[in-house]
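Engineer: One structure, as C-alpha cells, below. Some questions next.
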C-alpha cells in the first residue's frame, strides 16, 4: 500500500516537471500512461507521438485483453471508431480531385432515394452537408439502427429510414453530431466511383501510405491476433466485451488500426496529403486538404483557459479550434468499450495519437493534454487529477440519480402491495424507423425485447404512474431507460416514449427519438 502511494506521488511530481520541460521525454510518457492506466481503470493504451514528420514515440501499455493478459504494443490493433470519418471525407476529396463529384453536389444526384423529413431539406442536401453535422437532426439521431450491436438494419434500411427522423433545429443552423449521414457519405463515394467504400480507403489511402496492418473494418483484418478486446466497468469491475459491429456503419466508424500505422495518416495530413520519398506523392490535392481543414459548422467553444480557445468548428471529418494561438485539428472515436483520440498542431508539426480499450474518454484526454502542454508551454495543470475529479463528480451524480430511481421503484412496489400489475402494458409497440419492440411476461417477469437490435433486451420494472423502467440484461451498456406510456380515452396504454436514466449514457442510445405506437 505504501509503495503504491509513493509511486503515485512520484508520478504526480513527474507530471509537474513535464509542464516545465520541453519537450516531454519518452520516460515521462511512460510514467504518465502507467498512471492513467491505474487512475482510470483502463486495461490497455497505445500512444503515438509524431514530431516534424517522424514517429518519435510509439508504445503500448497494459494488456489488450484482461482474459488472456496479452500485452499491448505499438502494433496492437484498436477500433478507431469515428476517427474513420476523416478517411471518408478524404476519399470523397479524391473523387473531387478526379472531377467525379463536387462538394456541393446534391445527394439525390447520386442517391435518388435519399430523403430527409422535410422535402426542402432533401432537395437542398449536399455532399458537404453529409460531413458537417448541420442537418437539423438531433445528437446521434437514428444511431440505434447500428448501435449498440450489429443489428439487422442494412445500409439500405438506414438510408430509407432517415426520412422518418424529425429535425430538432433548422437546416444548416446548428451543430449536432451524427453518424448516419457519414454512412450516406460512404454510399455516395461508392456510387460515384463504382468501388466499395472499404476498398476505396484501403486501396487509395492505406496501401499508398504503407498502413499494412490497418483495415476498413474488423472483419477485413488480415491478422487479428494482436487486436484488443473492448472493456467496460460493471459495478466497478471491468468486463471483457464481445465485438458486435454493424458493417453498415463502416464509413462512420469501422476502421481498425494501430498507432504505428495511424501515424502515417497523421503525417500525411500535416503534409497536406503528400507522402513518400521527398514528399513526391500525394493522396489528395492541397485544395482538398485545405477544404477538409476549413471551418464549415460553428461549434460553441469552451472556456478560454488554459488554452485561450475562442473559436471552434467542424470541418470535413475534423474538429478545428484555436489553442494557445495555434490551429488544432482533432477527432475522437468511441465504440462500446473502446475510445480513441487524434490531436494535431500542424504549425508545430506535432501529432498525438492515443488508443484505449476502455470507454473512458478522460484517459486519452489526460495523456494528450499533458503531452501538448509540454510543447505549448502551458504549466500548472495536472490533467490526470483534473480529469479524475470530473469523472468522480459525474459518476457521483449518476449514482445519486440511480439511487433515487431505485427508491421510487420500491415505493411503487410497496404501494401495489409488493405485486405490480404489468398486464395493461403488455403488447407490441412499433416505431416507424426502429421497428417493433415487445413487452411480455417471461418466467414471471415483465420483459422488453427489441426485434431488430438484440442487445436491447431486459426486465421491465415499476416506476411512477404510467412510467416504467427497463433494466438491460447486458449491464455493460449503462443505458437503462424510462418507458413513458401514453393512454387512450379508456386509460389503456396506447404508445410509449423512452429516455435514458443516467446522464452518462452514450448519446448513441438515442431512445428519445423513438415514438412507439401500440399495434397489438
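The values are calculated or read from the model by the stated rules, or taken from the named source; none is laboratory data. Here the structure is a predicted model, which means the values were calculated and not measured. Virtual Cβ from ideal backbone geometry, glycine too; neighbours counted across all protein chains shown.
Engineer: Out of (1) over 22 Å from residue 82 (Cβ atoms); (2) touching a residue at least 60 places away in the same chain (Cβ under 8 Å); (3) buried (at least 18 other Cβ atoms within 10 Å of the Cβ); (4) not assigned by TED's automatic domain parsing to the domain that holds residue 261, what's the single condition that is false for residue 375?
Structural biologist: (4)
Engineer: Which condition number in (1) farther than 25 Å from residue 316 by Cβ; (2) at pLDDT below 95; (3) not assigned by TED's automatic domain parsing to the domain that holds residue 317 is the one that residue 224 fails?
Structural biologist: The single condition residue 224 does not satisfy is (3).
Engineer: Moving on. So which helices (runs of 4 or more DSSP H) stay within segment 42-133 end to end and still have 3 or more residues that are crowded, with 24+ Cβ neighbours inside 10 Å? Outline the logic, then answer.
Structural biologist: Values: elements: 85-97, 119-124, 127-130.
Result: 85-97, 127-130.
Engineer: Do we find a residue being at positive phi, buried (at least 18 other Cβ atoms within 10 Å of the Cβ) and in contact with a strand residue (DSSP E or B) (Cβ under 8 Å, 6 or more places away or on another chain) anywhere in segment 345-353?
Structural biologist: no
Engineer: Among residues belonging to segment 451-468 that are farther than 16 Å from residue 421 by Cβ and crowded, with 20+ Cβ neighbours inside 10 Å, point out the one that is farthest from the chain's Cα centre (by Cα).
Structural biologist: Taking the candidates together, the pick is 458.
Engineer: Exactly one condition in (1) part of a loop (DSSP other than H, G, I, E, B); (2) at pLDDT 95 or above is not met by residue 151; state its number.
Structural biologist: Single failed check for residue 151: (2).
Engineer: On the given criteria, is residue 89 in contact with a helix residue (DSSP H, G or I) (Cβ under 6 Å, 6 or more places away or on another chain) and either more than 21 Å from residue 346 (Cβ to Cβ) or in the same structural domain as residue 358 (by TED's automatic domain parsing) (or both)?
Structural biologist: Working: in contact with a helix residue (DSSP H, G or I) (Cβ under 6 Å, 6 or more places away or on another chain): yes; either more than 21 Å from residue 346 (Cβ to Cβ) or in the same structural domain as residue 358 (by TED's automatic domain parsing) (or both): yes.
Against the criterion (in contact with a helix residue (DSSP H, G or I) (Cβ under 6 Å, 6 or more places away or on another chain) and either more than 21 Å from residue 346 (Cβ to Cβ) or in the same structural domain as residue 358 (by TED's automatic domain parsing) (or both)), residue 89 qualifies.
Engineer: Hey, among the residues in segment 378-407 that are in a helix (DSSP H, G or I), out of contact with any helix residue (DSSP H, G or I) (no Cβ under 7 Å at 6 or more places or on another chain) and surrounded by 16 or more Cβ atoms within 10 Å (Cβ to Cβ), which one's modelled with the highest pLDDT?
Structural biologist: Taking segment 378-407 and keeping what is in a helix (DSSP H, G or I), we get 383-407.
From what is left, the residues that are out of contact with any helix residue (DSSP H, G or I) (no Cβ under 7 Å at 6 or more places or on another chain) are 385-386, 389, 392-407.
In the following step, the residues that additionally are surrounded by 16 or more Cβ atoms within 10 Å (Cβ to Cβ) were identified as 398, 405.
Details: 398: 91, 405: 88.
It comes out as 398.
Engineer: Sticking with this structure for a sec: If residue 142 passes every condition in (1) more than 25 Å from residue 319 (Cβ to Cβ); (2) buried (at least 22 other Cβ atoms within 10 Å of the Cβ) but one, which one does it miss?
Structural biologist: Failing condition for residue 142: (1).
Engineer: Here is a follow-up. Quick check on segment 488-519: of everything there that is part of a strand (DSSP E or B) and in contact with a helix residue (DSSP H, G or I) (Cβ under 9 Å, 6 or more places away or on another chain), which residue is farthest from residue 396 (Cα to Cα)? Step through it out loud before you land on a result.
Structural biologist: To start, the set of residues in segment 488-519 that are part of a strand (DSSP E or B) comprises 493-500, 516-518.
Checking which are in contact with a helix residue (DSSP H, G or I) (Cβ under 9 Å, 6 or more places away or on another chain) leaves us with 493, 496-500.
Working: 493: 35, 496: 29, 497: 27, 498: 23, 499: 20, 500: 17 Å.
Top of the filtered list is 493.
Engineer: For segment 223-264, which positions are assigned to a helix (DSSP H, G or I), surrounded by 24 or more Cβ atoms within 10 Å (Cβ to Cβ) and touching a strand residue (DSSP E or B) at 6+ places or on another chain (Cβ under 8 Å)?
Structural biologist: 253, 259, 262, 263
Engineer: Here are 441, 484: which of them is closer than 14 Å to residue 498 by Cα and surrounded by fewer than 20 Cβ atoms within 10 Å (Cβ to Cβ)? Full working, then the answer.
Structural biologist: Numbers: 441 fails: closer than 14 Å to residue 498 by Cα.
Every option except 484 fails the conditions.
Engineer: Please go through segment 289-306 and give me each residue that is over 23 Å from the mean Cα position of the chain (by Cα), in contact (Cβ under 8 Å) with a residue 60 or more places away in the chain and in a loop (DSSP other than H, G, I, E, B), ordered by number.
Structural biologist: 306
Engineer: Do we have any residue at all in segment 196-208 that's assigned to a loop (DSSP other than H, G, I, E, B), closer than 28 Å to residue 140 by Cα and without any contact (Cβ under 8 Å) to a residue 60 or more places away in the chain? First the steps, then the outcome.
Structural biologist: Keep residues of segment 196-208 that are assigned to a loop (DSSP other than H, G, I, E, B), which gives 196.
So of that shortlist, the ones also closer than 28 Å to residue 140 by Cα come out as 196.
With without any contact (Cβ under 8 Å) to a residue 60 or more places away in the chain added as a condition, the list becomes 196.
Yes; the residues of segment 196-208 include at least one that is assigned to a loop (DSSP other than H, G, I, E, B), closer than 28 Å to residue 140 by Cα and without any contact (Cβ under 8 Å) to a residue 60 or more places away in the chain.
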